[in-house]
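See below for the structure under consideration.
The values are calculated or read from the model by the stated rules, or taken from the named source; none is laboratory data. Keep in mind that this is a model prediction, so the values were computed, not measured. As a convention, Cβ positions derive from the backbone with ideal geometry for all residues, glycine included, and neighbour counts pool all protein chains shown. Heavy atoms of the whole protein, side chains included, go into the accessibility calculation; ligands, DNA and RNA do not. Shrake-Rupley method; radii C 1.70, N 1.55, O 1.52, S 1.80 Å.
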Amino acid sequence: MSEDGPDPAAAATTPYLPMFLRACGQKAAVVGGGLVAARRVETLARAGALVSIYAPRLDEEEFAPLSERFAFTHVAREPAHADLAGCLVCYIATGDPAADERLHAALAGAGPPINVADRSDLSDFISPSILDRAPLVVAVSTGGASPLLGRMLRARLETLIPAAYGRLAAFAGRMRAQVNSKLRSPVARRRFWERVLDGPIAELALARNEPAAEAALVEALDRATESGEGPWLGEVYLVGAGPGDADLLTFRALRLMQKADVVLYDRLVDPSIVDLARREAERIYVGKRRADHALPQEEISDLLVRLAREGKRVLRLKGGDPFIFGRGGEEIEKLAEHGIPFQVCPGVTAATACAAYAGIPLTHRDHAQACVFVTGHGRDGPLDLDWETLIKPNQTVAIYMGLDRVEELMQAFVARGGDPALPAAIIDNGARVNQRVVVGTLADLAAKARAANLRGPTIVIVGTVVSLREKLNWYAPEGATQRPRDLPPAGGAQ
Ligand code: SAH
């Protein structure tokens with residue numbers, strides 16, 4: 001062999017070889033009886049290893065719960081070389097660095113690769129942070145540089161990879177042989193799985209409907225050809241984008257946004273949220289100001305059908321929750337009629353978002369046992385609300401689309417017997433950085449709102465719960481002059 005050529009050590013980007021070792025049924029040793037040792041035992045036991053723990057004592061608090069779930073052997077002494085014969089791995093984690101080092105010196109060369117807790121310099125291998133969605137497992141390593149960073153990344157992945165992905169992996173595992181026997185070429189298989197794992201079939205499995213996922217996969221497999229082409233159907237995601245702050249999106253909304261080929265959004269959806277959709281996705285504005293509907297409802301439905309028929313994954317992004325004053329139901333009726341797969345993802349609706357960010361609980365044992373959501377936007381004619389229901393005591397009323405008619409609304413409450421002194425609030429751009437809240441009563445809210453020159457969107461909240469804001473107001477958006485209550489006044493005595 002030539003001595004020339006690149007130096008292997010210098011060429012290495014990491015000194016570790018990533019792999020998953022089969023541990024099921026294999027012997028393994030753990031030295032130590034404390035918390036770290038317990039975590040190692042757990043990892044090994046989950047993989048089905050036959051674990052022997054060498055320690056004078058086992059920490060009761062750590063090991064009692066483990067012993068309920070797993071079998072392991074406790075040996076109340078230090079291990080000798082002979083104990084490690086035939087072991088797959090050995091972990092040393094006594095909790096005492098000097099003891100760990102001494103044990104490592106004594107056991108090195110006994111056979112199995114050794115890991116010493118917090119001593120990557122002494123370890124033959126290191127343990128990654130694990131995201132367990134069995135059979136799907138993600139392992140993160142920083143090469144021993146910062147295990148904490150590894151754990152933080154793992155936590156991030158936790159949010160990106162829903163628990164249901166384990167089911168998806170298991171589903172794919174079950175169907176693999178069938179797909180392999182029908183499709184011979186690796187290219188055709190890859191195309192097939194790409195469509196399955198990224199499309200409606202995977203969504204069925206993720207939604208725990210494995211029988212339907214299996215039936216759909218078998219049907220798709222029937223139609224699949226070696227060229228990988230096939231009459232794939234698109235699908236539509238009707239997704240609630242929340243009140244405007246991207247922070248209030250659900251994980252599911254974000255995941256579907258990352259899959260979309262086309263995004264249809266309207267005025268209420270903040271551009272910062274539309275930005276989170278897949279970079280390559282085509283964006284179509286179908287905005288809706290009450291008067292100037294950019295696209296009539298009918299046409300939006302037709303567009304959804306047409307795009308899905310082209311095989312696209314279509315994201316219909318709506319402000320708040322799609323099923324609360326969002327006409328989401330109307331838009332997907334047509335999809336159902338045409339047999340196009342769709343799913344609905346809820347969002348934080350404006351009333352709950354505004355209430356939370358204004359410090360106004362919608363229900364409260366001392367104030368309101370019910371909460372009613374109504375729209376203040378009658379179909380161009382006079383307000384047509386069920387006042388009998390709205391005027392009841394011990395109840396909160398949240399009014400959507402009420403800004404233009406706040407005067408009329410407040411007067412109507414009073415005319416129907418509402419106490420003019422009943423607290424009411426109007427929240428403009430709720431849960432956003434430019435949120436503004438105007439608090440008053442049935443008698444004066446309209447005048448105050450006018451004076452504040454609010455632009456909308458707004459939610460009006462009527463009920464005695466509004467008085468709780470005085471205590472519970474916590475949200476001070478950027479740039480607001482308001483200070484959190486528990487800080488001492490500026491320059492005041494400490
Ligand atoms: N589907 C939406 C509501 C659509 S109707 C949801 O669930 O929130 C549009 C109305 O929602 C607006 O007129 C306004 O009343 C309300 N709205 C939406 N976003 C809002 C926000 N950030 N602050 C206050 N009101 C909001």
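See the values below:
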quantity: Region 235-348: C-alpha gyration tensor shape, a/c 1.5 cut-off, then a/b vs b/c; calculated: rounded
quantity: Chain lengthening between Ile130 and Arg151 when straightened (0.36 nm per residue, less Cα-Cα); calculated: 6.7 nm
quantity: Cα-based Rg and Dmax for region 49-164, where Dmax is the largest Cα-Cα distance (Å); calculated: 16.0, 45
quantity: Å² per residue, accessible surface of region 322-387 at 1.4 Å; calculated: 51 Å²
quantity: Relative counts (whole %) of C-alpha pair distances in region 146-214, using bins that are 10 Å wide; calculated: 19, 40, 25, 14, 2
quantity: Listed residues Arg195, Arg365, Arg189 arranged by accessible area, highest first, probe 1.4 Å; calculated: Arg365, Arg195, Arg189
quantity: Size of electric dipole in region 164-227: Cβ of Lys, Arg +1 and of Asp, Glu -1, about Cα centre, debye, nearest 20; calculated: 240 debye
quantity: Rg followed by Dmax, in Å, when region 257-411 is reduced to its Cα trace; calculated: 18.0, 55
quantity: Stokes-Einstein translational diffusion, region 94-224 - Kirkwood Rh over all Cα pairs, 1.306 mPa s, 10 °C, in µm²/s; calculated: 88 µm²/s
quantity: Dipole magnitude (debye, nearest 20) for region 357-486, charges at Cβ of Lys, Arg, Asp, Glu; calculated: 400 debye
quantity: Listed residues Ala80, Leu304, Pro322: farthest to the positive end of the dipole of the chain (Cβ charges); calculated: Leu304
quantity: Dimensions in Å of region 357-486 - Rg and Dmax from alpha carbons; calculated: 14.3, 48
quantity: About the Cα centre, charge dipole magnitude for the chain (Lys/Arg +1, Asp/Glu -1 at Cβ), debye; calculated: 380 debye
quantity: Within region 55-98: backbone nitrogen closer than 15 Å to the Val137 label point (7 Å, Cα to C-beta); calculated: 88-90
quantity: Dipole-positive endmost among Thr94, Ala446, Ser146 within the chain (Cβ charges, Cα centre); calculated: Ala446
quantity: Of all DSSP beta bridges in region 357-486, antiparallel share, percent nearest 5; calculated: 75 percent
quantity: Among Ala28, Ala398, Phe342 - extreme Cα towards positive end, dipole of the chain, charges at beta-carbon; calculated: Phe342
quantity: Kirkwood hydrodynamic radius of the chain, from inverse mean 1/r over distinct Cα pairs, in Å; calculated: 28.0 Å
quantity: Additional length obtainable on full extension of the chain from Ala108 to Arg416, 0.36 nm per residue less Cα span; calculated: 102.2 nm
